[in-house]
Amino acid sequence: MHVDFTGLSVSAQAGCEKAAALFCDEIERRTGKRPGEGGRPRVCFAVDPTLPNKDCYRIEQSDGELRLSAHGIRGHIYAYSLFLRKCVVRGEQITLLRNLTGVYVPDKPIRGHQCGYRTCPNTYDAWGKEEYARFYRDIMAFGCNTCEHIPGEPFDPNNPLMKYDPLDVAVWGSELADEVDLDVSCWYPNARDEEQDEALALKRREAVLDAMPRVNVLFPPGGDPGDMDGDAFVDRCLAISRLLKAKKPGAQLWPSAQAPHDMPTWAADFLREISKQPDEIDGVIMGPNHAFPLEELRRRVPMKYPIRFYPDITHNVRCEYPVHFERDDWHYAFAATLSRESVNPRPTEFRLLHRLTRPYVVGSVSYSEGVNDDVNKAVWSDMDFFPAVSLNDTLCDYARFFLWQADAQQIADGIFALERNWEGDPAENPHIETTLRLFEEQAERHPELLNNWRFVLLQFRARCDAVVRRRRVFELELIDEAKAEAARGEWEKARKILGADYPEEYHALRATLDELAAALFKQIGIQLDVGRFGASGWERGATLDTIDRPVTDRAWLLNRFAYADDLPEAERGEFLTRVFHRNDVRQGEYYFSFAEHGFPLLGERQEGEYYMDFQGDRPANNGSMPTCLFKVFDHFRLVFRTGGFAPGAAYKLRVTFKRTNKMTDDFTVKANGHVLHHGGFYGGEPDEQFDREMLGEAFVSATYSLPAAVFENGCVAVELAEPTVGIMVTEFKIYQA
């Protein structure tokens, strides 16, 4: 039942004045008119100490009045935010869409996001007090009770965006948080090398704790970064906790079980010490580079310690939860161009992750490096408060709260559409163009949205996706035409075709990305490239620095033509023929690339937690390597099964590895249980010509003999394994000797 709240008035009991004033600010922001006092409809703020805790709130809706009750300002912000999330605002008209009467109790006691002021983030380092205060209210709109700062970072004088020392931001940031009763968590790692000195480490933390007026939780990560053995790390945590509790009575110490890469016994050492159940530790955090998977961590850590989740909702590749983390099949064209920290609404993916992790944790404070993950923050927080909420409800709430000028369902549909843009090969996904039209039509109907950074951010992503798709479609057509000429030996015609320029329509769309990036930098401080907007590096959300990276083999083929120019004329044709047929197989042969094919074609599910070391967004993707090398499987064991080989025939297995400086004497290659190699990296036969002609500098191949006797009715199961340092594989081919 819709209720008209146009021209509402506001009243507040003693102690509720601040919350009421903030609510009036929100109404004025939306309607241009500040609420008065007296009259109906009316919104009344009241204190209710009978509610279970200060995270809860009560809404009572009667004819012409809405009563918002809570312990204090935190609950009141939650309550009035829910009201605004369920209201349609058109000019001065406010319409509440449904009755909100009820008592609201969050599912998880810990609900927050990281907002550290340092050089790495793509946005936060450009903020001041006004932006942080607004950010706090925005995350609280979806039920957050915690913000996480990073007070131990040194000031970077080379970052022109940073106007403040990080400790100063932590100080006034905690003051601002305290004004709205937002808990303050501090991510504070052990500094490398010099903080082996415990006295120095404690002195530094004492200065921070003395300076910050509010600290509720201190979070020392075990690794990422961190260079202490597991037992020494726990000992250090105990000392820090004693200092913390002396300085901030009631504050808690939550270390994370994040293991340094070069300390193989860290997990066992940490577990041994934590199993002694020291009282100084209040809980354990599970985050990236974890020592144990979450389910195992919960089984092995004493129940005395609750587990807080540290979900990475900000990164897309080379991270704990890459795009399509459950199948790891994000197409390399998107990964190469949009990279690690692009605008990344992933509501359905993170609902899956939330459902998988919810049974084990008491809540979460997300890992975030800026506003590229703004939708994900709202989605995750809403699920921490209301675990059964529908995603459509959350996204419509997001639209009504932040983008009230637009049609909420259209915005929700657009966000869902952006996530679906990333399904499969962009060249085979015409839905990308439909998504773009949706956002362009919203901009035409509601031009005021172009002053709202959240809308512009979504529009920017929609245009990025279309740029990637159009470029890939165009280049794949060129490659097909060039291959036809190459098959006739018309090499110069093939080269000319590959060198064709993009159509004017493409250039026009690409140019708009720079315009939107400039608007976004002005509106919210997001840094979409290094040169103009001050991003700290190309993988730190600098989409404009990666958007033009190769998405097909066109650049590599042109690179190979340039290479052929230096060859004797008699050899050029044979070389270019090898290039154009690099990955071809004859009947009864097999070729696989992690970039081009994906895990299902391996014929066997890989065990354990592997890492996909994506190469395509790196500066090395400048035409010097083919797309088939863009993804590198990094794990201790790789198994694949295939068949269809000719009976009685011998074959060769060529594997392409990413080069490593690590040493081993326990690398094994097997085929149907037969050992083909055991010893150091990489064994087999080198193929210097193939490596020189077909691989980038970061890669090397090895070729192993597959005698006819190893096959079983034309089938083979191949295993590559190294139990300590692991292997890094990008492609392999089985072909007749």
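Here, each number is a calculation from the coordinates, and none is a lab measurement. Since we're looking at a predicted model, the values are computed, not measured. Here Cβ is always computed from backbone atoms with ideal geometry, including for glycine, and neighbour counts include all displayed protein chains.
Can you tell me the FRET efficiency between Arg299 and Asp229 if r is taken as the Cβ-Cβ distance and R0 is 22 Å, rounded to the nearest 0.05? Each step should come with its number before you reach the end.
Details: r = 23 Å, r/R0 = 1.04.
In this case the efficiency is close to 0.45.
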Cα gyration tensor shape of the stretch 419-564, rounded if a/c is under 1.5, else prolate or oblate by comparing a/b with b/c: prolate
Ala646 paired with His2, simple spin-label distance in nm, labels 7 Å along Cα-to-beta-carbon: 7.4 nm
Dipole of the stretch 419-564, positive direction: furthest Cα of Val467, Gly534, Asn429, with charges on the beta-carbon: Gly534
Total charge dipole magnitude, the chain, about the Cα centre, Cβ charges on Lys, Arg, Asp, Glu only, Debye to nearest 20: 1600 debye
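Can you figure out the FRET efficiency of Phe155 with Lys247, using R₀ = 22 Å and their beta-carbon distance, to the nearest 0.05? It would help to have the intermediate numbers written out before the result.
Details: r = 23 Å, r/R0 = 1.04.
Plugging the Cβ-Cβ distance into 1/(1 + (r/R0)^6) gives 0.45.
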Between 0 and 90°, nearest 10: helix 408-421 axis offset from the chain longest Cα axis: 20 degrees
FRET efficiency for Glu60 and Glu92, using Cβ-Cβ distance with R0 set to 22 Å, rounded to 0.05: 0.30
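Just how large is the dipole of the stretch 592-667 about the Cα centre, in debye to the nearest 20, putting +1 at every Lys and Arg Cβ and -1 at every Asp and Glu Cβ?
Here the stretch 592-667 has a charge dipole of around 260 debye.
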Segment Ala518-Glu131, length gained on full extension (0.36 nm per residue, minus Cα span): 137.5 nm
Among Asn145, Ala201, Phe233 - extreme Cα towards positive end, dipole of the stretch 110-412, charges at beta-carbon: Asn145
Entries of Lys658/Lys733; Lys33/Lys54; Lys203/Lys377; Lys163/Lys522; Lys203/Lys245; Lys108/Lys129 with Cα pairs more than 23 Å apart: Lys33/Lys54; Lys203/Lys377; Lys108/Lys129
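Is the shape of the stretch 647-737 rounded, prolate or oblate, going by the alpha carbon gyration tensor and its root eigenvalues a ≥ b ≥ c, with a/c under 1.5 for rounded and a/b larger than b/c for prolate? Mind dumping the intermediate values first?
Values: a/c = 2.36, a/b = 1.33, b/c = 1.78.
Taking the square roots of the gyration eigenvalues as a ≥ b ≥ c, the stretch 647-737 is oblate.
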Simple label model, 7 Å out from Cα along Cβ direction - Asp480 to Ser275, nm: 6.1 nm
Lys/Arg +1, Asp/Glu -1 at C-beta; the chain dipole; positive extreme among Leu558, Asn392, Tyr735: Asn392
Percentage, to the nearest whole number, of Cα pairs in the stretch 3-104 over 23 Å apart: 16 percent
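Could you grab the relative contact order for the chain? Cα pairs under 8 Å, six or more apart, rounded to a whole percent.
10 percent
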Using alpha-carbon coordinates, inclination of helix 554-564 to the longest axis of the chain, degrees: 40 degrees
Normalised convex hull volume, the stretch 592-661, alpha-carbon set, Å³ per residue: 136 Å³
Debye, to nearest 20: dipole size of the stretch 419-564, +1 on Lys, Arg Cβ, -1 on Asp, Glu Cβ: 320 debye
Qualifying trypsin sites (Lys or Arg not before Pro) in the stretch 213-315, DSSP loop, other Cβ atoms within 10 Å at most 14: Lys276, Lys304
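Starting from the Kirkwood Rh over alpha-carbon pairs, what translational D in µm² s⁻¹ does the chain have by Stokes-Einstein at 25 °C and 0.890 mPa s?
On the way: Rh = 28.3 Å.
The diffusion coefficient I find is 87 µm²/s.
If packing is taken as the average count of other Cβ atoms within 10 Å, what order do 284-290, 17-23 fall into, highest mean first?
Details: 284-290: 22.0, 17-23: 18.7.
Result, highest mean Cβ count within 10 Å first: 284-290, 17-23.
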The chain: angle of helix 129-140 to the longest principal axis, Cα-based, in degrees nearest 10: 90 degrees
Label-point gap, in nm, between Ala14 and Val530 - each point 7 angstrom along Cα→Cβ: 6.1 nm
Shape category assigned to the stretch 659-707 from the gyration tensor of Cα positions, a/c cut at 1.5: oblate
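Report, for the chain, the % of DSSP beta bridges that are antiparallel, rounded to 5. Present the calculation step by step, with values, prior to reporting the outcome.
Values: 59 of 92 bridges.
Of the beta bridges lying entirely in the chain, close to 65 percent run antiparallel.
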The stretch 419-564, relative contact order in percent, only Cα pairs under 8 angstrom and at least six apart counted: 21 percent
Label point 7 Å beyond Cα of His261 along Cβ direction - residues of the stretch 302-326 with amide nitrogen under 14 Å: 318-320
